[in-house]
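The values are calculated or read from the model by the stated rules, or taken from the named source; none is laboratory data. Predicted model only: the values in this text are computed from it and were never measured. Ideal geometry is used to build each Cβ from the backbone, glycine not excepted, and the neighbour counts take in all protein chains shown. Protein only, heavy atoms only, side chains kept; ligands, DNA and RNA dropped before computing areas. Shrake-Rupley method; radii C 1.70, N 1.55, O 1.52, S 1.80 Å.
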Amino acid sequence: MAAGCGVTKVKDIKVTSVDFKYFTPTSSRSMEAVLLLGINNPAMAITVSDLEGSVSYGGRPIVLVSGGEIPLEKKSEKVYEVPCSASLADGVSLLGLLPILSAGTGEGLTAEIRMHVATRKGIGTDLVFNDLTVKKLLGRQ
């Protein structure tokens, strides 16, 4: 029964905010970045790994992101610095993104984040967050 309660709490993890600390272009289609990811973790101390995500505009993916491992503190709400790599989705050009990004509001952008979470004992599950409103996550509602 206790394991079931733990899984329920793990499934209650929420992504509360997203922003960039900095990013460095590595090519015309990719960059290395540190993502500031706000996470509310009502569960025990766990580790996030296999972080993947995408940012879409008008329902079409424009940027693909993958990130490193993050140890989450137990029963906390905190902003974590996540080293990650990002690249433009197929068929998307940097020039095409400029009008979307220059507004800086996140208007019309949605995100999807997938991650694996596991306890120190290796018990884990995958979490998927769909249709996250970037404008809301950026705190610019």
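Overview of results
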quantity	calculated
Subset of the stretch 27-58 (residues that are free of Cβ contacts under 8 Å to residues at least 40 places away in the same chain and either over 30 Å from K9 (Cβ atoms) or in contact with a Leu (Cβ under 7 Å, 6 or more places away or on another chain) (or both))	S27, N41
Restricting the stretch 17-64 to residues that are under 16 Å from L97 (Cα atoms) and of a type in the set (S, T, N, Q), the residue that is most open to solvent (accessible area, probe 1.4 Å)	S28
Residue match in the stretch 103-110 (condition: at pLDDT below 90, buried (at least 16 other Cβ atoms within 10 Å of the Cβ) and not hydrophobic (A, V, I, L, M, F, W, C))	yes
Single residue of T125, T110, T119 found to be in contact with a Lys or Arg (Cβ under 8 Å, 6 or more places away or on another chain) and on the phi < 0 side of the Ramachandran plot	T125
Residues of the stretch 65-102 that turn out to be assigned to a loop (DSSP other than H, G, I, E, B), surrounded by 12 or more Cβ atoms within 10 Å (Cβ to Cβ) and either among the charged types (D, E, K, R) or out of contact with any Leu (no Cβ under 8 Å at 6 or more places or on another chain) (or both), as a count	4
Boolean, V10 is modelled with pLDDT under 90, open to solvent by less than 50 Å² (accessible area, probe 1.4 Å) and β-branched (V, I, T)	yes
Residue match in the stretch 132-140 (condition: more than 26 Å from I13 (Cβ to Cβ), of a type in the set (S, T, N, Q) and either at pLDDT below 90 or open to solvent by 80 Å² or more (accessible area, probe 1.4 Å) (or both))	no
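Condition check ((1) more than 30 Å from A45 (Cβ to Cβ); (2) not hydrophobic (A, V, I, L, M, F, W, C)) across all residues:
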site: K75; (1), (2): no, yes
site: G91; (1), (2): yes, yes
site: P99; (1), (2): yes, yes
site: S102; (1), (2): yes, yes
site: T119; (1), (2): no, yes
site: L132; (1), (2): no, no
